[in-house]
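Input: a single structure, listed below in structure tokens.
The values are calculated or read from the model by the stated rules, or taken from the named source; none is laboratory data. This one's a predicted model, so the numbers in the text were calculated from it and none came from an experiment. Neighbour counts are summed over all protein chains in view; Cβ atoms, including those assigned to glycine, are modelled from backbone coordinates with ideal geometry. Remember, those area values only see protein heavy atoms, side chains included, never the ligands or the DNA or RNA. Shrake-Rupley method; radii C 1.70, N 1.55, O 1.52, S 1.80 Å.
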Amino acid sequence: MQTTTVAVIGAGHAGIEAALASARMGVDTILFTMSLESIGNMPCNPSIGGTAKGHLVYEIDALGGEMGRAADAVTLQSRTLNLGKGAAVHSKRVQADRKRYHIYMKSVLERTANLRLIQAEITDLLTKDAIVCGVRTALGEEYACRSVVIAAGTYLESRIFVGGASQDSGPDGFLPSKGLSASLASLGIKLMRFKTGTPARINRRSIDFSLLELQPGEEDPLPYAADTQQDYMNGVEQLPCHILYTNAETHRIIRENLTRSAMYGGHIHGTGPRYCPSIEDKVVRFADKERHQLFLEPLGRETEELYLQGFSTSMPADVQQKMLKSLPGMANAEIMRYAYAIEYDCCDPTQLSATLEFREIKGLYGAGQFNGTSGYEEAAGQGLLAGINAALAAKGEEPLTLPRSGSYIGTLVDDLITKGTNEPYRMMTSRSEYRLLLRQDNADARLTPIGHRVGLIDDVHFAAFKEKQARIEAEISRLSTTFISPEKANRHLLEWGSTALSTGASLADLLRRPGISYTALKILDSDRPVLSRAEVQAVEVQIKYEGYISRQTGEVLRHIKLESRVLPDTLDYTQIKGLRIEAAQKLAKLRPATIGQASRISGVSPADISVLLIYLGLH
């Protein structure tokens, strides 16, 4: 029997981050993948980021993960979404080169110390007295280990559907995982059946782009990773995307063939993602809409394949052809890969603790779509946390938990373990009650000290981080104590559409005014220090939103009081008088670690929380 300390199952976005975190923390790690060619695969849209997802990528980088660096290195196009809204929802999104992303991640894994990369299918989890002790491969090899991170993606007993045709298959034609689901079920792990889907891929040469709306990238995009140079990002040759819309003919074809869809024909039994529905689901659910927006996006610099975002379907091949040719510019479209739906097993995440370890099986962690989520970014964030905790456990150190008030990763995990999910979970800014504090621009300020503490941010990068924070704080202080007279400011204020001053005002006061930016104020502030674009953004947001940030910080402090009130793991909720039966049952099943967690469980009311506080003498 071979040995390792941490075994990671699956080399998708969750498995990559888990394995890298564990190995970089000095722990002997093996990453198992069913195919070396599927490492870092993007079976759906090869994009990184988007609304709330961009926040996750910045957080992953701040903690010492790899996704942000990889995304920067393979960017095809960059855009910042929601710029017309407040800073809390500004979200970076890049179209990534799919093949180059795979090559980048495979190379990083191959060169990482303490990490072995092995192509093997894991079919059995080995335990003794509800403690993980190893894994077994389909070839019968056994590897002893102390911890296992399951990051199986959409491979567990997966099945592909195209109309009435179906076959056992993983995404993109890779082999499905057979046997591991049964092994997990035999250990008492509750599994669920989810589904997702993807659109057809189209040959660029067959499209009439003159009928489509051009969507260029943004100028001078900020990078995801702290150590990606701005000059590098400025030099990226961005490829265009295009916008088009469905029409009445598209909708007619879909409606007339609904019974041939795998989903509407009754072939699929798994639950699909609410926020990424198939095109037939959109046509049915939003019957009053005359058209739906689609995006035509490149898959790479060395391929002619294009991705039609928003047009995922499980229709049969002949219907897919008709649907596609009904779209503008697509009369002669050539399908290179047909769209499909995929069904797969995943776990009920309420079985996990905040460290992503299974409560009933010591040393077993779950991450990514195995935990019931959707999206590459959600997966990577979970994988990073699971890998960190597997390594900390191996080193005999205290585990890491991320509170929902401090990060989107923490919010994601808290939602999963306290509320569970009955559909593929997607992160959105609206899921966080503290989103003004959890912005893209301050992800490093929130999480880099944690990354340094666990050993994923080295001293050199941490020193650079502290210098950046010092420059930001110094500039905020300088703007708050530098005053401008009415005589100097009023002409410019009136030109900017702002009211004139009657007395002197600080530069910070002027910056708080609507429509006035830090860049604009340069005409009144010629002696300002040289800051990077990221530093300017941080300064501007902190000053403009100072009042709101202070108010939300107060809410966090009140929240922390509940989170600090620990619930004993041995507490018998059925014996607490005044606690409703439903609440007692939910609390007994989910075993929340704190009063704060208990308060977020569906079926536990504020009155139940009051009963708990009184019972524990914490009121």
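Worth a mention:
- Carbon plus sulfur fraction of accessible area for region 514-581, probe 1.4 Å, in percent: 56
- A 1.4 Å probe run over region 128-269, with the rest of the protein chains in place, finds 47 Å² accessible per residue.
- Extension gain for the segment residue 291 to residue 113, taken as residue separation times 0.36 nm less the Cα-Cα distance, is 58.9 nm to one decimal.
- For the chain, the share of DSSP beta bridges that are antiparallel, to the nearest 5, is 70%.
- Of 292, 269, the residue with the largest accessible area leads and the full order is 269, 292 (1.4 Å probe).
- Shape category assigned to region 107-171 from the gyration tensor of Cα positions, a/c cut at 1.5: oblate
- For region 136-141, the Karplus equation 6.51 cos²θ - 1.76 cosθ + 1.60, evaluated at θ = phi - 60°, returns couplings of 10, 8, 5, 8, x, 5 Hz by residue, with Gly and Pro reported as x.
- Near-label residues of region 539-564 by backbone N, under 16 Å of a point 7 Å along Cα→Cβ of residue 594: 553-564
- Partners for residue 395 among lysines (Cα-Cα distance below 16 Å; same-chain residues under 8 apart left out): 362
- Alpha-carbon centroids, region 445-481 and region 95-146: separation in whole Å: 34
- For residue 461, the solvent-accessible surface computed with a 1.4 Å probe is close to 90 Å², ligands and nucleic acids excluded.
- Each residue of region 153-159 is assigned a 3J(HN,Hα), and the resulting list reads x, 10, 8, 5, 6, 6, 9 Hz, derived from the Karplus form 6.51 cos²θ - 1.76 cosθ + 1.60 (θ = phi - 60°), x at Gly and Pro.
- Heavy-atom SASA rank of 439, 79 (probe 1.4 Å, accessible area, largest first): 79, 439
- Accessible area in the full protein assembly, largest first, 1.4 Å probe, for 264, 545: 264, 545
- Carbon and sulfur %, accessible surface of region 390-479 computed with the full protein complex present, 1.4 Å: 52
- Kyte-Doolittle mean at least -0.5, axial Cα span of 30 Å or more - DSSP H helices of the chain: 459-481
- Cα centroid separation - region 22-82 against region 551-616, whole Å: 35
- Taking the convex hull of the alpha carbon positions in the chain and averaging its projected area over all directions gives 30.9 nm².
- Apolar share of the accessible surface for region 1-108: 54 percent from carbon plus sulfur atoms, 1.4 Å probe.
- Once exposed loop GluC sites (Glu not before Pro) are cut out (DSSP; at most 11 other Cβ, 10 Å), longest piece of the chain: 303-619
- Given R0 = 22 Å, the distance between the Cβ atoms of residue 581 and residue 613 translates into a calculated FRET efficiency of 0.70.
- Average accessible surface area per residue within region 443-528, 1.4 Å rolling probe, Å²: 54
- Two-decimal ratio, region 252-293, of alpha-carbon radius of gyration to 2.2 N^0.38 Å: 1.17
- Placing a pseudo-label 7 Å from each Cα along the Cα-to-Cβ vector at residue 512 and residue 210 gives an inter-label distance of 5.6 nm.
- The solvent-accessible area of residue 452, taken with every protein chain present and a 1.4 Å probe, is close to 60 Å².
- Cα-based shape type of region 408-536, given that a ≥ b ≥ c are square roots of the gyration tensor eigenvalues and the cut on a/c is 1.5: oblate
- Extension gain, residue 527 to residue 553: 0.36 nm times the residue separation minus the Cα-Cα distance gives 6.1 nm.
- Cα gyration tensor shape for region 85-132, rounded if a/c is under 1.5, else prolate or oblate: oblate
- Taking a straight line from the alpha carbon of residue 468, these aspartates and glutamates sit under 13 Å away, with near neighbours fewer than eight places off in the same chain left out: 227, 441, 444, 535.
- Under 18 Å of direct C-alpha separation, and excluding same-chain neighbours fewer than eight residues apart, residue 586 reaches these lysines: 190, 419, 577.
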